[in-house]
Amino acid sequence: MVVARGDDEDDEGGDGEGGFKAFPDPDSVDDGSIRSTTSAQLPGKGSGVFSPDCKVIADLYQATGPWKFTPELTNCCNTQYPNSASIKCNAQNQIVYIYLAGQGLSGKLPASLGTLTSLRYLLLNYNSLTGPIPRALVDLPLYILDLSHNQLSGSLPSSSGWVQLETLNLEANALTGELPSWLFTLPRLKSLALGQNQFTTGDPPPTIRFTLDRTLMDEATLQRNAQIDPATWRVAPSRFLERFATLPRISELKLDGLGISGGWPSAESGKWGASMVNLTKLDLSKNMMQGTLPAYIAGWTRLKTLLLDNNEFGGPIPSLANLTMLRVLDLSFNQLTGPIPAWATAQNMTILNLSHNLLSGPFPMDNHHLWQSCSVAGNYFVCTKGPEAVLSYLWRSSCRATCTDTQQTVPLVRPPVDINLPDIKSHASKNGVGRVHASSAIVRTVIIFVGLTLSLIL
C-alpha cells in the first residue's frame, strides 16, 4: 500500500505512471473486522451507527471545520460522503478508518485523535492543516498515515510507537528539523514519502555547483565551473541517504526537493545497494546530488519508477538492461554524457525523459513508438542519414529531439535552461502521465511512411 505521489496538487488521489498511489480504496480496506457500509447507512439514508468514538469526530470537526460536507457527529460509524470521504468502524463500533482527503480541513489537529486506540488508517491529505503533528498520534496502531499536502510545521515527534506502520506520507508540508532515529527502525515500513519539506539533511552544501546560471553566482565562479567535468568530480556520499539503508522492507521512497547533496552511498559498503533491492519506486528529483550514477541500481530488478531529474549527475548512463519491470525513467536536467544507451530503446518503458543533458552521437535503433511519452530535447545529437534517416524523423516527432548533420562540440557543463519550459511529466498527474492520443499515433505513422518513402527515393 503506497501513499506518496507526484506533483499535481489538483489530484487528491491520482496514481500516474511516475507517481505514488495516494490512498486505499475505502471499499477495499479490511482490517478483518470492519463493518460493511450499505446504502441504508449513508448520510441522508438512515445515517451511520453510534459509537463513543464519534466524540473525536466532533472534536476534529470543531477544530478543523467547516468541511466541504457536514459529518455525522453522533452516529458517525460507517458513514460515507462525497469524493469517497468516509469513516469506518469495526464490529465493536470503534473507528478504524478515517479518510478526509481534500475536504477543506484547516487549523490544528486535536489531541483527542490519540484516543482512537483502534485506528489503523488516517488519511487527511490535501487540506490546509497547520501546526505540528500531535504527539498523541504516535502511540496509535496505525498501518497508514497520510498527512501530505498540508501546511504542517515543526519537527517530527521525538519518539514513536508506530511499529505496525507500513505507509507514511508527510510530503509537501513545511516540516523542519532532523529526522528522528525511530524513523529508520520501523520494521514494517514499505512506503515513505518525505519530499518537499524543509528537513535538515546533515549534508554539507556542494563546494561547486555545475550550473552556468548567472543569477546564482558571479562571473569568475561561472568561468571556473565551466572548466570542471561533472563526470570526474569526486564527491562524498550523502549522509542523509545512507541512513535509509536500515529500513529492511522499504519498497517506495520519495525524497524529492529536500536539498540532498553529495553523491550516492558508496558501493564498497554494499549496504545501500543491497538494502534497496525491494524498491519499486524511487524519487530523488529536485535535489543537489552530484557524481555518477552507481552501477548497483541495475540490481534493483523490481524497480518500476526511477525519478532522478533536476540534480547534477554526470558521466554516462549506466546499463539498466536488467530492470525489465522499469516503466518510468526520468534523468532530465542533469549533466549526463555519452549516447542514448541501446538498452533504453529495448526496454518496455511507457515514459522516458532524458532531456536537457549533454548526450550526443547518433540516434539508436528503437522501439519508442511503444512509449506513451518520451523526451530527449536539449541534447547534442547527430542526425541519421541515408536509408535510416527515418530514425531522425521518428525521434524528432515522438521525443522532441533536435540534431545536426555533424557532431556539435559538447560543453563540459550544460548551459542554463528554463526548467519551466513545457515538457512531458514523468511524475504523477491527475489525468495520467504521458497519455498518447490517437492523433499522435497517426502523425507518427505518417512520418514513418514519409521517411521510408524518402529513404527509398534517396
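The values are calculated or read from the model by the stated rules, or taken from the named source; none is laboratory data. This is a predicted model, so every value here is computed, not measured. All Cβ positions, glycine included, derive from the backbone under ideal geometry; neighbour counts span all protein chains shown.
For segment 379-397, name all the residues that are within 18 Å of L354 (Cβ to Cβ) and in contact with an Asp or Glu (Cβ under 9 Å, 6 or more places away or on another chain). Matches in segment 379-397: V382, C383, L391, L394, W395.
Is it the case that some residue within segment 121-138 is over 17 Å from A58 (Cβ atoms), hydroxyl-bearing (S, T, Y) and part of a loop (DSSP other than H, G, I, E, B)? The answer is yes, given that some residue of segment 121-138 is over 17 Å from A58 (Cβ atoms), hydroxyl-bearing (S, T, Y) and part of a loop (DSSP other than H, G, I, E, B). Counting only strands (runs of 3 or more DSSP E) that sit completely within segment 281-326, those holding 1 or more residues that are β-branched (V, I, T) correspond to 288-292, 305-307. Applying a threshold of 8 Å to beta carbon distances and a minimum spacing of six or more residues, or different chains, the list of pairs starting in segment 273-293 at a residue that is within 16 Å of Q196 (Cα to Cα) and ending at one that is part of a loop (DSSP other than H, G, I, E, B) and basic (K, R) reads M288/R209.
Just to be sure, is L352 under 19 Å from the mean Cα position of the chain (by Cα), over 24 Å from L247 (Cβ atoms), buried (at least 21 other Cβ atoms within 10 Å of the Cβ) and at pLDDT below 95? Criteria met by L352. Scanning segment 164-196 for residues that are in contact (Cβ under 8 Å) with a residue 12 or more places away in the chain and among the small types (G, A, S) returns A172, A174, G177, S191, A193, G195. For segment 355-390, the candidate set comprises residues that are modelled with pLDDT under 85 and either among the small types (G, A, S) or within 23 Å of V413 (Cβ to Cβ) (or both); within that set, the residue that is nearest to the chain's Cα centre (by Cα) is A389. From the list P339, P294, P318, P265, the one residue that fits, being surrounded by 19 or more Cβ atoms within 10 Å (Cβ to Cβ) and either out of contact with any Cys (no Cβ under 8 Å at 6 or more places or on another chain) or at pLDDT 95 or above (or both), is P265. Yes or no: segment 61-78 includes at least one residue that is touching a residue at least 24 places away in the same chain (Cβ under 8 Å), part of a loop (DSSP other than H, G, I, E, B) and within 30 Å of P180 (Cα to Cα). No; the residues of segment 61-78 include none that is touching a residue at least 24 places away in the same chain (Cβ under 8 Å), part of a loop (DSSP other than H, G, I, E, B) and within 30 Å of P180 (Cα to Cα).
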